[in-house]
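What follows is a short report on a single structure.
Values quoted throughout were computed directly from the atomic coordinates according to the rules given, and no laboratory measurement underlies them. None of these values were measured; they are calculated from a predicted model. Here the Cβ is made from the backbone with ideal geometry for all residues, glycine too, and neighbour counts use every protein chain on show.
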Amino acid sequence: MRFETDTTICAIATGDEGAPRGIIRITGPKTIAILRDLFPNARESLLAHRYARVIEEVISLPQLGHFPVAIFCWPTDRSYTGQPSAELHMLGAPVLLREVEGRIISLGARLAQGGEFTLRAYLAGRMDLTQCEAVLGLIHAKGERAMRVALEQLAGGLSEPLKMLRRNLIELLADIEAGLDFVDEDIEFVSKADILKRLSQAATQLSDLQSQLSLRSGQQLVPRVVLAGLPNAGKSSLFNAMSREDVAIASDMPGTTRDFLRSRQDRDGLVFDLIDTAGLDDMLEQHSDLEKPPSKEHDPDRQSQRGTIHQLRDADLVLYCTPADMLPSIDGVGNERDQSCFELVADHAPCDVWRVVTKADLSETIAPHGKTLPSFSVSAWKGTGVNELLHAIASCLARTRESEQDVVPMTGQRCREAVDRAIQRIDEARTATELGSGDEVVASELRMALDELGQVAGTVVNNDILDALFSRFCIGK
Ligand SMILES: Nc1nc2c(ncn2[C@@H]2O[C@H](COP(=O)(O)OP(=O)(O)OP(=O)(O)O)[C@@H](O)[C@H]2O)c(=O)[nH]1
Ligand SMILES: [Mg+2]
């Protein structure tokens, strides 16, 4: 990767398979001079303005003919790269674009390397590294959500809190260092209480940043799939069938399951926890005091059902079990108790709730019934539908995992460790302050924390990181 910025670079920024419109980008000190040579008729207008503008021109190419070109021109450093820049928008025929690119090179530019335009934006202080990665994320975005995440990050979603955090720490460091010159004179520049308060604010900001960086359902958190329903709905039997072992007790006595059970599943490469819960029944009339934690409940039945409510709140997906013999009949009249239980579950689960018809062997055919048509039907006894359900869960969770990244994955991978180390340094600084180890020690911990954060933003430059990042860009970006 070339880190010099005194050359003028150019590249075709659009694909080479031909399109109605093609774009050539130029940036660097010679941009305007090159444009003036390329478009002699626009010499005056190219010099006349200091602001970004569009000039309609025609380019004459020997053997190829005359072609209209829209010159988007940023004549000063107020551009993406922080240097005079331009984009030539013209017919997207590859032969034509290559011809014009060749002319620009013959007039004093060189061909840009992949990522060099964004690298210049970074070197000019226009963007920090998290934003450069967001540009890359945008280029490679596979879906709408990935694109939105990249755009938010590009707009400063991560840079702004990072900037504020670094500013606060720099100010604290400056205050402490100012005091170091006067240690012998017993003047206190910044009190111990103030240092501790500011360090604890920094620790909170860092942990916010860390949660922004961690992928919700990535390595840290295993998704949780919770089975819920009325007592005797067949949850524990389904739990056993899905985990292929008899861990949960199933019986025809309502209220068999008291405490929740967990079984780790690995389906289609996706790991998730399946959770069996106590059937909800007594809770149906008790909506008002559901917020009470399970430990505060004295009645064991209600305590176990309260535990179910807590499981629901942490769920990534709920499988609501309705036994086939409780399904609404053709005329739409369903089991009222089951319906209110479904509503209770849907109210408390922060995620999708699928209706799973259990004991499907009890009814030969499951009649469709309007809007409440069940999505899945399974029989734990016969083993039917269980694999299909597991497969659907895995693909649903995989989709969610992909879409729940708060930051461009590359930024997440690169920054998580640096932020962890910064948290450790701030912790050390707090301990040193509490123990009265001396302001020099606190200042040195703060400097190390700032270095770590500098690596996230890219103010502390590490050539390997820059190389790894910018070499992944395509030419013209
Ligand atoms: N016909 C039929 N009966 C089933 C099936 N699955 C479970 N049952 C029966 O339904 C009854 C209740 O099953 P459980 O799995 O204990 O139900 P549960 O929802 O866990 O019940 P609680 O723990 O009390 O909330 C038992 O008698 C099971 O044998 C099935 O696929 N077909
Ligand atoms: Mg059970």
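Before moving on, here are some points about what is shown:
- Taking trypsin sites (Lys or Arg not before Pro) across region 50-152, the ones in a DSSP loop with at most 10 further Cβ atoms lying within 10 angstrom of their Cβ are R50, K142.
- For T14, the residues 5 or more places off, or on other chains, whose built amide H falls under 5 Å of its own are I23.
- Each Cα pair under 8 Å and six or more residues apart adds its sequence gap; the mean of these over the residue count of the chain is a relative contact order of 17 percent.
- The residues packed around L107, meaning those with a beta-carbon under 10 Å from its beta-carbon, carry a net charge of +2 if Lys and Arg are +1 and Asp and Glu are -1.
- Residue-averaged [θ]222 nm for the chain, counting only DSSP H segments that reach four residues, each worth -39500 (n - 2.57): -14000 deg cm²/dmol
- Degrees between helix 439-457 axis and first principal axis of the chain (Cα, 0 to 90, nearest 10): 80 degrees
- Net charge, T433 excluded, C-beta distance under 14 Å - Lys, Arg +1, Asp, Glu -1: -4
- Backbone HN-Hα couplings from phi across region 409-426 [Karplus 6.51/-1.76/1.60, Hz, Gly and Pro as x]: x, 4, 5, x, 4, 6, 9, 3, 5, 4, 5, 4, 5, 5, 4, 4, 5, 5
- Share of Cα-Cα pairs in the chain lying beyond 34 Å, as whole percent: 58 percent
- Database remark: amide H of V58 closer than 5 angstrom to the amide H of V69 (H placed geometrically; neighbours at sequence offset of 5 or more, or on other chains; Pro and chain starts carry no H).
- More than 16 Å apart - percent of Cα-Cα pairs taken over region 116-183: 59 percent
- When V149, V247 are sorted by how many other C-beta atoms sit within 10 angstrom of their C-beta, beginning with the fewest, the order is V247, V149.
- Summary of the geometry: region 433-477 and region 1-75, compared by the centres of their Cα atoms, lie 37 Å apart.
- Percent breakdown of C-alpha pair distances by 10 Å bin, ordered from the shortest bin, for region 9-127: 14, 49, 32, 5, 0
- Förster radius 45 Å - calculated FRET efficiency between S191 and R53 (Cβ-Cβ, nearest 0.05): 0.20
- Karplus 3J(HN,Hα) series, Hz, for region 260-270 with 6.51 cos²θ - 1.76 cosθ + 1.60 (x for Gly, Pro): 6, 10, 10, 9, 7, 10, 10, 10, 6, x, 10
- The residues packed around I55, meaning those with a beta-carbon under 15 Å from its beta-carbon, carry a net charge of -1 if Lys and Arg are +1 and Asp and Glu are -1.
- 3J(HN,Hα) along region 306-322, derived from phi through the Karplus expression 6.51 cos²θ - 1.76 cosθ + 1.60 where θ = phi - 60°, amounts to 5, x, 4, 4, 5, 4, 4, 5, 9, 7, 9, 7, 10, 9, 8, 8, 10 Hz, with x in place of Gly and Pro.
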